[in-house]
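A short worksheet on the structure shown next.
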Amino acid sequence: VVDAEGSQLVLATDVIATPSDANQLEAALKNVQESVGPVQRMLADGGYVNAEAIEKVGQKVDLYVAITAEDNSHRRYDFRPPKKKPAKKVTDARLVAMREKVRSKEGRHIYGRRAATVEPVFGIIKAAMGLRQFLLRGIGKVRIEWDLVCLAYNMRRLWGLAGT
């Protein structure tokens, strides 16, 4: 979980042994410590699509989740040929409502912050800090390693924010 209001600090971490984040939306919200302050808004990519979780978390915070690839993959200078497969049909009313929320003018503006906040954190960790793979094995050890990497990132970020 990364702060999207300017600091880009990692607020909560977790490592899971499944390839999908679909059931992690509630856990991500729960993992943010109360001392950080109340979470007012959450932005999540399409990997977090789960209608029940979206409904539950959406009752607690202002939530924006990209439902289909078309919601978050627009590039102004995309020279790739268009995809030939049809867009994914969304029928669940909760997902349709979220898709409309994200596609609205205000929703596009708010959701656009996700790419400018979370993605640079991963880029810095991978490119500038050199973490391309975990050195330890086992979920418990990988969690510790990831926590240490995020702590190092936060220290680096705080140093930059202090302006020294």
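Once every DSSP H run of n ≥ 4 in the chain is given -39500 (n - 2.57) and the sum is divided by its residues, what mean residue ellipticity at 222 nm do you get, rounded to the nearest 500 deg cm²/dmol?
When only DSSP H runs of four or more count, the value is -13500 deg cm²/dmol.
What order do you get for 90-102, 11-23 when each peptide is scored by the mean count of other beta carbon atoms within 10 Å, highest first?
90-102, 11-23
Which aspartates and glutamates have a Cα less than 16 Å from the Cα of K84, not counting those fewer than 8 places away in the same chain?
Within the straight-line limit of under 16 Å, K84 reaches these aspartates and glutamates: E70.
How much area per residue is accessible in the chain when the probe is 1.4 Å and only protein heavy atoms are counted (Å²)?
The answer is 69 Å² per residue.
Amide H to amide H under 5 Å from L9: which residues, 5+ apart in sequence or cross-chain, H placed 1.01 Å off N in plane?
Residues meeting the amide H criterion: D3.
Checking the cross-link filter: which lysines have an alpha carbon closer than 25 Å to that of K126, excluding same-chain neighbours under 8 positions apart?
Counting by Cα, and skipping residues close in sequence, K126 has these lysines nearby: K141.
In whole percent, how big is the carbon plus sulfur part of the accessible area of the chain, probe 1.4 Å, protein atoms only? Write down the numbers at each step before the final one.
Details: 6250 of 11330 Å².
The value for the chain is 55 percent carbon and sulfur by accessible area.
Which lysines, if any, have their Cα less than 24 Å from the Cα of K89, not counting same-chain residues under 8 positions apart?
K56, K101, K105
Compute log10 of I(q)/I(0) for the chain with the Debye formula, placing one identical point scatterer on every Cα and leaving out solvent, at q = 0.12, 0.18 Å⁻¹, to two decimals.
Debye curve over Cα of the chain, log10 I(q)/I(0) at q = 0.12, 0.18 Å⁻¹: -0.62, -1.28.
Tell me, what is the percent relative contact order of the chain, built from C-alpha pairs under 8 Å that lie six or more residues apart?
Worked out over the chain, it gives 27 percent.
Compute, for the range 96-164, the length of the dipole vector about the Cα centre, with Cβ point charges of +1 (Lys, Arg) and -1 (Asp, Glu) only. Units Debye, rounded to 20.
220
Where the centre of each part is set by its Cα atoms, how far does the range 4-66 sit from the range 139-164, in angstrom?
Using only Cα atoms, the two centres lie 19 Å from each other.
Are there DSSP H segments in the chain that both extend 18 Å or more along their axis (alpha-carbon positions) and score a mean Kyte-Doolittle hydropathy of at least -0.5? List them, or say none.
Length and hydropathy pass: 139-162.
The values are calculated or read from the model by the stated rules, or taken from the named source; none is laboratory data. Source: prediction; values computed, not measured. Note that each Cβ is placed from the backbone with ideal geometry, even for glycine, and that neighbours are counted across all protein chains shown. These accessible areas exclude ligands, DNA and RNA; they are computed on the full protein's heavy atoms, side chains included. Shrake-Rupley method; radii C 1.70, N 1.55, O 1.52, S 1.80 Å.
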